[in-house]
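FYI, it's all coordinate maths here, none of it is from the lab. In this text, all values refer to a predicted model and were calculated from it rather than measured experimentally. Here the Cβ is made from the backbone with ideal geometry for all residues, glycine too, and neighbour counts use every protein chain on show.
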């Protein structure tokens, strides 16, 4: 990864330069008008693209707290998915438009010290678009979550992608042979794949050199990807699942609500027959086709797990998809058992195991209900992958419950109240607008809607 460390005094010089740029923005003559976009990820660039197409007179400044653009595409997409990262070629074309300027190392906050405030931006631009994405992640808030070895999937992905914030974080993957991923979305599968894929296959990608070295020394041989609900409720896509099933030297197993440590796989009638032929036949509607394809693949993998199909192969590592397992706590390794930190009685030391409660689906199939049966799965690493979390900006309304900025068609509202009025000249796009969900291409329509609102208000 590139070294983005800044020389002493560089930040202050950059902020002063940014403020000079803000001052010059007000002096634009003729019919030109200016829009500032905060955030240079997919949401920012797709919004800029729609604005440029909608008005020949618009001038767009894109700001980012990092020194380089492209946000989550650069630092959140797995290194072995170059086809997803190819969208940066389109973004580069947008950035090369003479009407666009990019300024990195500019932090938008409260305006104190080395920051620029949203109010400063609003005073100097005709419109300001908040496309900041999500720089945090959801916590489980369980006992032992502060143990060494427990971290977020977001931090791990940022580390192996060379994110400047994580350049010196480091992960020693040589201490234990088992890792647990809590959550079953695409990011969870990315983590499992990178941990088990042969390092030689990652060497030709843009993975951070430090991460590649750590993976070459890794002792991890088993990754358990857990979910609270059943196989039909998993959030990962069929494409990601199929890719996982084709990894060289990696066995992909499916556990239906049974002990992950013991390796029991259950029966076809487990989970109410969720993967039974009868259950799959019920997914016959047009709207059910994607879910049926995924269920058919999961059933095939389950049959192979119990010896009912598949071709004999040699495996170096294993990924386990374990359903109906709800984490209830993290336990320290043996010598640290019972050790306590001085603040609040939090368990201290290194992770030794994750404790789970088995679950079953509620009658409506929407949630997981605990059964009162518990199990302990030894591991040295646990990655929570339960969602990203945007951060509130000073002076900007934020709906903490839904983790987004309240808005209507991209116009930021004065509060989360449905009757609130839009704040003049302030807009949002991407995860800041709709919450942390969707894929890169979800931002195309999202950015177009926000741009349309800006253009309509300008007319």
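Structure notes:
- Coordinate range of the alpha-carbon atoms in the stretch 54-186 per principal axis, descending: 58, 38, 26 Å.
- Computed lengthening from residue 83 to residue 371, 0.36 nm per intervening residue step minus Cα-Cα distance: 99.4 nm
- Rg over Rh for the stretch 70-125 works out to 1.11, using Cα positions for both radii and the Kirkwood form for Rh.
- Order by protection proxy (mean Cβ within 10 Å, highest first), peptides 201-207, 148-154: 148-154, 201-207
- Principal semi-axes in Å for the stretch 132-251 [√(5λ), Cα gyration tensor, largest first]: 21, 20, 15
- Packing-based ranking, highest mean first, of 218-225, 314-321, 366-373, 429-436 given that Cβ atoms within 10 Å are counted: 429-436, 218-225, 314-321, 366-373
- Ranked 115, 47, criterion: other C-beta atoms within 10 Å, fewest first: 115, 47
- Summed over all non-identical Cα pairs, the Kirkwood treatment of the stretch 378-459 gives a radius of 14.0 Å.
- Whole-number percent relative contact order across the stretch 155-265, with pairs defined as alpha carbons under 8 Å at least 6 apart: 33
- Pair residue 300, residue 316: separation of 7 Å Cα→Cβ label points (nm): 2.5
- Kirkwood hydrodynamic radius over Cα pairs of the stretch 402-449, then Stokes diffusion coefficient at 4 °C and 1.567 mPa s, in µm²/s: 118
- Cα-based equivalent ellipsoid, the stretch 202-243: semi-axes from gyration tensor eigenvalues, Å: 28, 15, 8
- Label-reachable residues, the stretch 197-230, where backbone N falls under 14 Å from a point 7 Å from residue 174's Cα toward its Cβ: 211-220
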